[in-house]
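For reference, the structure discussed in these notes is given below.
The values are calculated or read from the model by the stated rules, or taken from the named source; none is laboratory data. The model shown is predicted, which means the values in this text are computed figures rather than measured ones. When we count neighbours, we look across all protein chains shown, and the Cβ atoms used for this are built from the backbone with ideal geometry, even at glycine. The protein model used for the area step is the full one, side chains on, heavy atoms only, and it has no ligands, DNA or RNA in it. Shrake-Rupley method; radii C 1.70, N 1.55, O 1.52, S 1.80 Å.
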Amino acid sequence: MSLLRKVLLVIIVIAVVIGGYFFYKTYRLVNIGAGFAAKVMCSSVFISGRTAQSVWQNELALKPLRYVDTRIDPEQKMVIASGLWGLCQRRAVYRPGLGATLDISPSSPGLPDLESIALPNAKEWPQGTRVDLTGIPSEIDSERLNVALDSAFSEPFRFKKRRTRAIIIVYKGKIIAERYASGFDKTTPQLGWSMTKSVTNALVGILVKQGKLVLNEEAPVPDWRSPDDPRGNITLDHLLRMKSGLAFNESYRHPDSDVLKMLFYCQNAAEFAADQLLKHPPGKVWHYSSGTTNIISAIIRRTVSDSLQAYWRFVHEQLFLPLGMKSAVLEPDPSGTFVGSSYMYATPRDWARFGLFCQQEGVWQGERILPEGWIDYSTRLTPESKHQNYGAHFWLAPQTAGEN
């Protein structure tokens, strides 16, 4: 073989390798985008009752998604998203009581037998559904209140939209003001994203109260139990305070980040997060990580029951049902574990119920649901937090750019 042919062959091999690498990267990124589109569209349409047009104009109006198409199947309650000329295709399926999940069969079981929550119309919120906004307490400056609401729904910045969808103001246990954006109202379940982390905190609190979990003991993660695995020193408290020391890229701007792969590409979010290497000694460095929360979600699952149905019912029976959160839906990943970092839907009034429950230190209508002192623990500052604004799965002050 001549030297020229050898050089050409080497060039062709290099080109094929480079081309294959970039095709693989593109394929995976489009898969993540298609997963995002399918999941968000499915949840928004079948949980929130929104139109596909509204979802495309708001959640999916992103440049990377311009080449992704979605198809809604109302009979199967399913959304299929495809991209890269159909080579990448992802499916999200809605199930009663569980919302939307990626990459499962339409015949997968849901929770159709959940006990219904009947809230009396005659009783005032939060015990009932009645809300009277005409009697604002005299000590509240109604003019300043309306100015604040107007400001929250304004869009003063050209490129960074607020996209406020709902505001509810609770004062002395009552709703005194609420406002909704066009296309949303009091009956529209909305995605909580990282507010879901505080619900996960409450589920841990319930298990601590039952004596099934202990904060300062080694976190019960089977894959960390090897004697020479330094991750075995991570405690539940470390996880709740985002001080596990595990490596995790929380960027939502980079399409190949850990958090986007975990949420929209992987079959098991907790397993993906627990497999990360230890970057810092446990308890020494604060690093915000949705992966950490999903490790906790898996701990909750293993602690509650070996039965998937019993685990799914736990959150409703122990938290949502007692609080009257009729609209609340916590969504699992394909493995069946709730995505406790991000995927909970509820109406604004039900989110407000949870907030009031926390303000009342885990007591609801005279019943203590969380351990005494749990909210004090949860809202106690984690000194290592970057901006001195984080407790134990609770933000203690407004977040800064880049935090979720």
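Any idea which residue in the range 308-348 is most open to solvent (accessible area, probe 1.4 Å), counting only those that are acidic (Asp, Glu) and closer than 15 Å to Leu203 by Cα? So that I can check it myself, show each step before the final result.
Restricting attention to the range 308-348, the residues satisfying the condition of being acidic (Asp, Glu) are 317, 331, 333.
Then drop every residue that is not closer than 15 Å to Leu203 by Cα, which leaves 317, 331.
On the way: Glu317: 82, Glu331: 0 Å².
Here the answer is Glu317.
Looking only at residues that are free of Cβ contacts under 8 Å to residues at least 60 places away in the same chain and of a type outside the set (Val, Ile, Thr) in the range 79-89, which one is surrounded by the most Cβ atoms within 10 Å (Cβ to Cβ)? In this case the residue turns out to be Ala81.
None of Ile234, Ile300 is in contact (Cβ under 8 Å) with a residue 24 or more places away in the chain, more than 20 Å from the chain's Cα centre (by Cα) and open to solvent by less than 40 Å² (accessible area, probe 1.4 Å) except Ile234. Can you find even one residue in the range 278-286 that is part of a loop (DSSP other than H, G, I, E, B) and either open to solvent by less than 20 Å² (accessible area, probe 1.4 Å) or within 15 Å of Ser341 (Cβ to Cβ) (or both)? For the range 278-286, residues part of a loop (DSSP other than H, G, I, E, B) and either open to solvent by less than 20 Å² (accessible area, probe 1.4 Å) or within 15 Å of Ser341 (Cβ to Cβ) (or both): present. Can you spot a residue in the range 309-331 that is of a type in the set (Ser, Thr, Tyr) and out of contact with any Ser or Thr (no Cβ under 6 Å at 6 or more places or on another chain)? Looking through the range 309-331, none of the residues is of a type in the set (Ser, Thr, Tyr) and out of contact with any Ser or Thr (no Cβ under 6 Å at 6 or more places or on another chain). Filtering the range 243-271 to residues that are of a type in the set (Phe, Trp, Tyr) and open to solvent by 40 Å² or more (accessible area, probe 1.4 Å) leaves Tyr252, Tyr265. Remark: pairs (first residue in the range 255-284, over 19 Å from Arg28 (Cα atoms); second residue assigned to a loop (DSSP other than H, G, I, E, B) and of a type in the set (A, V, I, L, M); Cβ separation under 7 Å; 6+ apart in sequence or on different chains) = Ala274/Val221; Gln276/Ala247; Leu277/Ala247; Lys279/Ala247; Pro282/Ile234. In the range 61-78, the residues that are at positive phi reach residues that are buried (at least 16 other Cβ atoms within 10 Å of the Cβ) with C-beta atoms within less than 6 angstrom, at least six apart or across chains, in these pairs: Lys77/Phe46; Lys77/Tyr94. For the range 188-197: of the residues being surrounded by 22 or more Cβ atoms within 10 Å (Cβ to Cβ) and either out of contact with any strand residue (DSSP E or B) (no Cβ under 6 Å at 6 or more places or on another chain) or modelled with pLDDT under 95 (or both), which is nearest to His280 (Cα to Cα)? Going through the qualifying residues, I end up with Lys197. Pro334 passes every criterion in (1) over 27 Å from Pro126 (Cβ atoms); (2) without any contact (Cβ under 8 Å) to a residue 60 or more places away in the chain apart from (2). Given the criteria within 28 Å of Tyr252 (Cβ to Cβ) and among the aliphatic types (A, V, I, L, M), does Val329 qualify? Taking the combined requirement at face value, the residue satisfies it. The set of residues from the range 246-266 being polar (S, T, N, Q) and modelled with pLDDT under 95 comprises Ser251, Ser257. Checked against (1) closer than 21 Å to Pro348 by Cα; (2) touching a Gly at 6+ places or on another chain (Cβ under 8 Å); (3) small (Gly, Ala, Ser); (4) surrounded by 21 or more Cβ atoms within 10 Å (Cβ to Cβ), Ser54 meets all criteria but (4). For the range 303-349, residues that are out of contact with any Gly (no Cβ under 8 Å at 6 or more places or on another chain) and either in a helix (DSSP H, G or I) or of a type in the set (Val, Ile, Thr) (or both) total 19.
In the set Leu119, Leu149, Leu213, Leu133, only one residue is open to solvent by less than 80 Å² (accessible area, probe 1.4 Å) and part of a helix (DSSP H, G or I); that residue is Leu149.
Out of Trp364, Trp395, I need the residue that is more than 19 Å from the chain's Cα centre (by Cα), among the aromatic types (Phe, Trp, Tyr) and either open to solvent by 30 Å² or more (accessible area, probe 1.4 Å) or closer than 29 Å to Pro120 by Cα (or both). Which one? Reasoning before the result, please.
Values: Trp395 fails: more than 19 Å from the chain's Cα centre (by Cα).
Result of the check over Trp364, Trp395: Trp364.
Could you list, in sequence order, the residues of the range 157-178 that are farther than 30 Å from Arg253 by Cα and surrounded by 16 or more Cβ atoms within 10 Å (Cβ to Cβ)? Selection gives Ile169, Val170, Lys174, Ile175, Ile176, Ala177, Glu178.
Filter the range 44-64 for residues that are under 16 Å from Ile80 (Cα atoms) and not aromatic (Phe, Trp, Tyr) and give the result.
If the condition is that a residue be under 16 Å from Ile80 (Cα atoms) and not aromatic (Phe, Trp, Tyr), then Ser44, Val45, Thr51, Ala52, Gln53, Val55, Leu60 are the ones that fit.
Of all the residues in the range 222-231, those that are open to solvent by 70 Å² or more (accessible area, probe 1.4 Å) and assigned to a loop (DSSP other than H, G, I, E, B) number 3. Among the residues of the range 127-175, those that are under 30 Å from the mean Cα position of the chain (by Cα), among the hydrophobic types (A, V, I, L, M, F, W, C) and farther than 30 Å from Gln57 by Cα comprise Val131, Val170, Ile175.
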